[in-house]
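Q: If you scroll down you'll find the structure; I have some questions about it.
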Amino acid sequence: MTELNSEKFPWMQDRAMTALFKAFPNDRLRFVGGCVRNALWGEPVTDTDLAVALKPKEVMAALTEAGIRYIKTGVAHGTVTAIFQGKPYEITSLRRDIETDGRHAVVTYTEDWAEDAQRRDLTFNALYANQEGQVFDPTGQGLEDLNARRLRFVGDASSRVKEDYLRILRFFRFLAWYGGDSKVDAASLKACRENRSGIKGLSAERVWSEIKKLLLARDPSRALHIMLTNEILELILPEANNVDGVDRLLKLEEREGLDPDPLLRLMAMSAREPLQIALLCKRLKMSGAETKRLRNWAEDSEPLSLDLSERGQQAALYNSGKQTVLDRTRLRAAGERDPIKSAHWMSFANLAEAWDRPEFPLSGKDLKAAGVEPGPKMGKALQALEALWIRSGFTAEKEKLLTALKLLGK
C-alpha cells in the first residue's frame with residue numbers, strides 16, 4: 001500500500017485541513033490531483049485540491065454545521081470554496097460527465113470515487129489521499145505511471161481529449177514539467193495529434209496561459225520538439241515554432257545560471273519581424289506588459305554590435321531601453337557559435353541588467369527660461385541637446401548644456 005507520510009507534509013495536518021476533514025467524516029473527503037502527485041514525487045505542493053463524496057448542497061450544509069464560511073464559486077459545476085482563517089480551499093463533489101462540448105461539461109454527482117477518477121485527464125492526476133496519507137488509485141494505473149513518469153490519459157485517450165481540448169495543451173505542459181525521459185504513451189500522443197484542430201475552439205487566454213506555463217518549465221525542449229513533429233506547435237504558434245532557438249537558449253541558461261523566462265524563450269522561437277510579433281500578441285490576447293516587451297524587441301532598430309564602446313553600449317541602452325537590449329543581447333549570446341563572442345554578448349547583457357537609466361537634466365521649462373519659444377523649435381533644440389548629452393556619456397551638466405543651447409541659437 002502506497003502512503004504519504006503526513007508528518008513530512010505539514011499542509012496535510014494543519015488547522016484548516018483538520019477542521020475540514022472533521023466536517024466531512026467517514027472518508028467523505030480526500031486530497032486529489034496535483035497535491036497528491038507532487039507530494040509522491042517530492043515536488044513542491046502549491047495547491048491543495050479536495051474532492052468530496054457529497055452533493056454541493058450537502059457540502060454547504062456540512063460547512064455551515066461546522067461553522068466554516070464558504071463561497072459558491074463554482075457550485076454549478078460542483079465546486080464550493082471553504083474559507084478558513086481567510087484562506088480559500090476548493091472542495092469539489094465527485095462527478096460524472098453526461099455531456100461535453102470540447103471545453104465544458106454537463107455533470108451529475110456520484111459517490112463513487114472510481115467514477116470521478118474516470119472523468120479526470122491523466123492517470124497520475126486521478127490519485128486521491130486521505131488525511132492520514134493513504135493513497136487511492138481508482139484507475140489502477142496512476143501509481144504505476146507516476147513512478148515511471150509516464151503521461152497517459154485515463155481510459156480511452158481520444159474520448160478524454162474530446163471532452164476538453166485544453167487537455168492537449170495540458171498534456172504537453174505536464175510532459176515539459178514532469179515527463180522525464182520515459183517513452184510517451186502512443187495512444188495519448190495519437191489522441192492529441194488527431195484531435196489537434198479542437199484547439200482552435202479554445203479561448204486565446206487559456207491557450208496563452210498553457211503555453212506560458214509550458215515555457216516556464218526548466219527544460220521544455222523535448223515537449224516542444226514532440227509538439228512540432230506532431231503538427232501541434234505550428235497550429236498554436238505559427239509565428240514561433242523554431243524549437244532549435246529554444247535549445248540554444250537553454251544551453252545559455254544552464255551556462256550562465258539564468259532563470260526560465262517564458263517571453264525570452266518565445267522570442268528565441270520567433271523571427272524578429274514586427275508585424276508577425278504584433279499579430280501573435282493580438283491573437284493570444286497577451287497582457288499590455290507582455291505585448292510591449294515583445295513588440296519593443298521586434299521593432300527595435302538600434303544597431304547592436306560587439307564593436308560598440310562602453311559609451312556606445314550605454315547610448316544603445318538609453319535609446320532602446322534596458323529590457324529590450326537585455327533581450328536582444330541574451331538571444332545573440334545564445335545564438336553565437338563562437339564561445340568568445342558569446343561571452344562578449346553576455347558581458348553586454350550583464351551591463352544592461354545592472355544599468356540604471358540616467359535622467360536628462362533639461363526640460364522645456366529650462367529652455368523657456370532661456371528664451372526659447374515653445375513649439376517645434378523647442379522640440380528640436382531639446383533633441384539636439386539630448387543627443388549631445390548622450391554623446392558625452394551622460395556627463396554633461398545642465399549649465400554646460402545651456403551654454404551649448406546659446407551656440408545652437410547662433
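Q: Where does each of Met17, Met227 land when they are ranked from fewest to most other beta-carbon atoms within 10 angstrom?
A: Working: Met17 20, Met227 28.
Sorted ascending by nearby Cβ count, the order is Met17, Met227.
Q: Moving on. Give me the extension gain from Asp47 to Ala289: residue separation times 0.36 nm, minus the current Cα-Cα distance, reported in nm with one decimal. Walk me through the numbers on the way to the answer.
A: Details: separation 242, 0.36 × 242 = 87.12 nm, distance 2.67 nm.
Extra length available between Asp47 and Ala289 comes to 84.4 nm.
Q: I've got another one for you. List the residues whose amide H sits under 5 Å from the amide H of Asn241, counting only those 5 or more places along or on another chain, with H placed 1.01 Å from N in the peptide plane.
A: none
Q: Out of every Cα pair in the stretch 109-165, what percent are spaced more than 20 Å from each other?
A: On the way: 381 of 1596 pairs.
So the pairs more than 20 Å apart make up 24 percent of the total in the stretch 109-165.
Q: Something else: Convert 10 °C to kelvin, take the viscosity as 1.306 mPa s, use the Kirkwood radius over C-alpha pairs of the stretch 152-191 as Rh, and evaluate the Stokes-Einstein diffusion coefficient in µm²/s, rounded to a whole number. List each step's numbers first, then the result.
A: Values: Rh = 10.3 Å.
For the chosen part, D equals 154 µm²/s.
Q: Related question: Give me the percent relative contact order of the chain, please, defined on Cα pairs under 8 angstrom at least 6 residues apart.
A: Values: 569 pairs, mean separation 35.8, N = 410.
Answer for the chain is 9 percent.
Q: Need one number: nm distance between label points at Arg69 and Asn350, each 7 Å from Cα along Cα→Cβ, rounded to one decimal.
A: Using points 7 Å along Cα→Cβ, the separation is 5.1 nm.
Q: Tell me the Kirkwood radius of the stretch 202-323: reciprocal of the mean inverse pair distance over distinct alpha-carbon atoms, in Å. Could you put the intermediate results ahead of the total?
A: Values: mean 1/r = 0.0644 Å⁻¹.
One over the average 1/r among Cα pairs gives 15.5 Å for the stretch 202-323.
Q: What base-10 log of the normalised intensity I(q)/I(0) is obtained for the stretch 300-354 from the Debye formula, alpha carbons as equal point scatterers, at q = 0.16, 0.22 Å⁻¹?
A: Reported log10 I(q)/I(0), two decimals: -0.38, -0.73.
Q: Shifting gears a bit: Looking at the chain only, what percent of DSSP beta bridges run antiparallel? Nearest 5 please. Kindly include the intermediate steps, with their values, before the conclusion.
A: Working: 24 of 28 bridges.
Within the chain, antiparallel bridges account for around 85 percent of the total.
Q: Mind checking the full-extension length gain between Asp247 and Ala278? Use 0.36 nm per residue of separation minus the Cα-Cα distance, one decimal, nm. Present the calculation step by step, with values, prior to reporting the outcome.
A: On the way: separation 31, 0.36 × 31 = 11.16 nm, distance 2.40 nm.
Length gained, Asp247 through Ala278: 8.8 nm.
Q: Compactness ratio of the stretch 322-410: Cα Rg over 2.2 N^0.38 Å, N = residue count?
A: On the way: Rg = 18.4 Å, N = 89, 2.2 N^0.38 = 12.1 Å.
Here the Cα radius of gyration is 1.52 times the empirical estimate.
Q: Further question: Counting residues in the stretch 1-77 as N, plug N into 2.2 N^0.38 Å and put the Cα Rg over that result.
A: Numbers: Rg = 13.4 Å, N = 77, 2.2 N^0.38 = 11.5 Å.
Taking N as the residue count of the stretch 1-77, the ratio is 1.17.
Q: Given just the C-alpha atoms of the chain, how large is their convex hull per residue in cubic angstrom? Walk me through the numbers on the way to the answer.
A: Details: hull volume 80.9 nm³, N = 410.
Given the Cα convex hull of the chain, per-residue volume reads 197 Å³.
Q: So for the stretch 1-148, what are the equivalent ellipsoid semi-axes in whole Å, largest first, each being the square root of 5 times an eigenvalue of the Cα gyration tensor? Working shown, then result.
A: Values: eigenvalues 99, 87, 32 Å².
Semi-axes from the Cα gyration tensor: 22, 21, 13 Å.
Q: Determine the relative contact order of the stretch 237-311: mean sequence separation of Cα pairs under 8 Å and six or more apart, normalised by residue count, in whole percent.
A: 32
Q: List the residues, sorted by chain then number, that are 5 or more residues from Tyr70 or on another chain and whose placed amide H is less than 5 Å from its amide H.
A: Ile83
Q: Using the C-alpha gyration tensor of the stretch 348-400, what are the square roots of 5 times its eigenvalues, in whole angstrom, with the largest one first? All intermediate terms of the calculation are to be shown ahead of the outcome.
A: Numbers: eigenvalues 142, 24, 17 Å².
The three semi-axes for the stretch 348-400 are 27, 11, 9 Å.
Q: Give me P(r) over the stretch 191-242, computed from all C-alpha to C-alpha distances, binned every 10 Å, as integer percentages.
A: Calculated over all Cα pairs of the stretch 191-242, the distribution is 24, 61, 16 percent.
Q: Can you check how the C-alpha radius of gyration of the stretch 251-410 compares to 2.2 N^0.38 Å, as a plain ratio?
A: Values: Rg = 19.1 Å, N = 160, 2.2 N^0.38 = 15.1 Å.
This ratio for the stretch 251-410 stands at 1.26.
Where a number appears in this text, it was derived from the coordinates with a stated rule and is not lab data. Treat the numbers as computed from the prediction; the structure is a model and nothing was measured. For neighbour counting, all protein chains shown are included, and Cβ atoms are generated from backbone atoms with ideal geometry for every residue, glycine included.
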